Amino acid sequence: MSMTLRRLSRAATAGLVAAAALTAAAHSAEAADTLGSAAAGQGRYFGTAVAASHLGEADYTATLDREFSSVTPENEMKWDATEPSRGTFTFTSADRIVDHAQSQGMDVRGHTLVWHSQLPSWVGSLGASDLRTAMKDHINGLMGHYKGEIHSWDVVNEAFQDGGSGARRSSPFQDKLGDGFIEEAFRTARAADPAAKLCYNDYNTDGVNAKSNAVYNMVKDFKSRGVPIDCVGFQSHFNSNSPVPSDYRQNLQRFADLGVDVQITELDIEGSGSAQAADYTKVVEACLAVDRCAGMTVWGVTDKYSWRSSGTPLLFDGNYQEKPAYDAVLSALGGSGDPGDPGDPGDPGDGTASCTATYTRTADWNSGYNGQVTITAGDEPISTWTVTVTLPAQQSVSSLWNGTPTWNGNVMTVKPSWNGTLAAGASTGFGFTAAKNGSDAAPTVGTCTAS
Ligand code: G2I
């Protein structure tokens, strides 16, 4: 089939699909007992990353089709998968996902057009002028093929360095085309498919920090100069080293206030049980609290195929059973829960006391800093909590308030002083002052236990 015919037939299918999606949303609004339908009741989409290679697995596809209203190809739309050699586009795997999604009335997120990773080596060997042409050709090739069929594209992914500098990341694009490559990519993308929302997507930008400030300043500049950008994606890959930030909602809101949508694009949270469930609740509540948070995507259907599978970060376990995190998300979305099995761990009423602990640095000076650990009860009331904080070897704590520490080397175990009793979902915390003694590293907060 010629490229033109393929495009025409894709566009014709898209019209039918839009109608099917509306029917599906209207139908499921009554029941609201799946993630997609509950999210639709809040005016949001609830998506997942999908790998084409798993679509033949009956349980995988059944779970996908039942629960989700949007899909993101996990790898199949990346540069190495779609244009492995210059000018030769292959869409077989990506088409498989898009066709499947459309047959189920699901929307599709496009991920991703310009990224330093999963980039074929031929791109890196081009000189500046050729590279600029190749970047625009790639954007036009992908967006043209799927014109009218993608609700949002990650036009540029992960262009900023991790860590404190807020600088751009080195990549062939950055190094040869300079800062302007992002703007050129967005302008090209707007012309290629005016109906698609154009997003900048990154990780470790979920809270207010140097990296998110740098992205914020770029978006602000784009908006002030009329560079076309519609949305910012917050990947939201969380674990104990990178917990859900306490200022997550505020950060989403400040971007929304610039006049762009925000989307949670690659959500996963390592952990299990009610602690993981409580973290997922925080994320969903943050999105729902921000009017311009258009929707959420989890980065995979089942723990067994997650890129971080050992961390069991998703909503369905390896046997496609709903985890407590699933129940928590459904309930936070206003869904009807799972009354069929009220004894699930993590469900309200299961009698299991639990808590989560998150850390923030609240003050900082040359020789020391103040840290604050926030303790949040799970979905049962608790009467006490315990949390460990491991400090970098050089650091020492000079004072601690609203908690009772005991020490073992550089590990402090903190229990309540007066503040052990918490209602379900309620928070307290303790603070401390530490001397850096040459190390500015953050302490590590361990698992919170409660009874
Ligand atoms: O790393 C997590 C995500 C961070 N943000 C951008 C996302 O695109 C990224 O996704 C992951 C995929 O989940 C992995 O599946 O990106 C990885 C590569 O950067 C993907 O891993 C790759 C493996 O590294 C390859 O060996 C493998 O051939 O998946 C490929 C396809 O299975």
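The values are calculated or read from the model by the stated rules, or taken from the named source; none is laboratory data. Source: prediction; values computed, not measured. Virtual Cβ from ideal backbone geometry, glycine too; neighbours counted across all protein chains shown. Protein only, heavy atoms only, side chains kept; ligands, DNA and RNA dropped before computing areas. Shrake-Rupley method; radii C 1.70, N 1.55, O 1.52, S 1.80 Å.
When the helices of the chain are scored as -39500 (n - 2.57) per DSSP H run of n ≥ 4 and the total is divided over every residue, the value at 222 nm lands at -10500 deg cm²/dmol. The dipole here belongs to the range 184-274: it is taken about the Cα centre, uses +1 on the Cβ of Lys and Arg and -1 on the Cβ of Asp and Glu, and is about 400 debye.
Placing +1 on the Cβ of every Lys and Arg and -1 on the Cβ of every Asp and Glu, with nothing else charged, gives the chain a dipole about its Cα centre of roughly 1500 debye. With 0.36 nm allotted per residue and the present C-alpha distance subtracted, the Ala423-Thr352 stretch has 24.2 nm of extension available. For Lys197, which lysines qualify as cross-link partners when the Cα separation must be under 22 Å and same-chain residues fewer than eight apart are set aside? The qualifying lysines are Lys78, Lys136, Lys147, Lys220, Lys223.
Per-residue SASA remark: Tyr359, around 50 Å² accessible (1.4 Å probe; ligands, DNA and RNA not included). Seen from every direction in turn and averaged, the convex hull around the alpha carbons of the chain projects onto 22.5 nm².
Stokes-Einstein diffusion of the range 139-267 at 4 °C, 1.567 mPa s viscosity, Kirkwood radius from Cα pairs, rounded to a whole number: 86 µm²/s.
A simple count of charges around Leu119, restricted to other residues whose Cβ falls under 12 Å of its Cβ and scoring Lys, Arg +1 and Asp, Glu -1, yields -2. Between Asn366 and Leu126, the modelled label-to-label distance comes to 5.0 nm, taking each label 7 Å out from Cα in the direction of the beta carbon.
Ignoring lysines fewer than eight residues from Lys323 along the same chain, the ones with Cα atoms less than 17 angstrom from its Cα are Lys282, Lys304. Only Lys, Arg, Asp and Glu carry charge here, each on its Cβ (+1 for the first two, -1 for the last two); on that basis the range 52-148 has a dipole of about 440 debye about its Cα centre. Since only Ala277, Ala353, Gln394 are under comparison, the one whose Cα sits farthest along the positive direction of the charge dipole of the chain, derived from C-beta charges on Lys, Arg, Asp and Glu, is Gln394. Helices of the chain meeting both criteria, an alpha-carbon length of 20 angstrom or more along the long axis and an average Kyte-Doolittle score not below 1.0, with helices taken as full DSSP H segments, do not occur. Residues whose amide H lies under 5 Å from that of Tyr45, counting only those 5 or more places away or on a different chain, are Gly295, Met296; hydrogens are built 1.01 Å from N in the peptide plane.
Take every pair of alpha-carbon atoms less than 8 Å apart whose residues are at least six positions apart; their mean separation over the length of the chain yields a relative contact order of 12 percent. Expressed to the nearest 5 percent, the antiparallel share of DSSP beta bridges inside the range 186-312 is 5 percent. When peptides 424-433, 314-323 are sorted by average Cβ neighbour count within 10 Å, with the highest value leading, the order is 314-323, 424-433. Got a number for carbon plus sulfur as a percent of the chain's accessible area, 1.4 Å probe? That fraction is 52 percent. Rolling a 1.4 Å probe across the protein heavy atoms gives the chain an accessible surface of 39 Å² per residue. Spin-label model, Thr447 to Ser53: label points 7 Å out along the Cα-to-beta-carbon direction sit 3.1 nm apart. Listed values for the range 158-175 are Karplus-derived 3J(HN,Hα) couplings in whole Hz (6.51 cos²θ - 1.76 cosθ + 1.60, θ = phi - 60°), namely 6, 8, 10, 5, 6, x, x, 7, x, 7, 6, 7, 5, 7, x, 5, 5, 5, and x replaces Gly and Pro.
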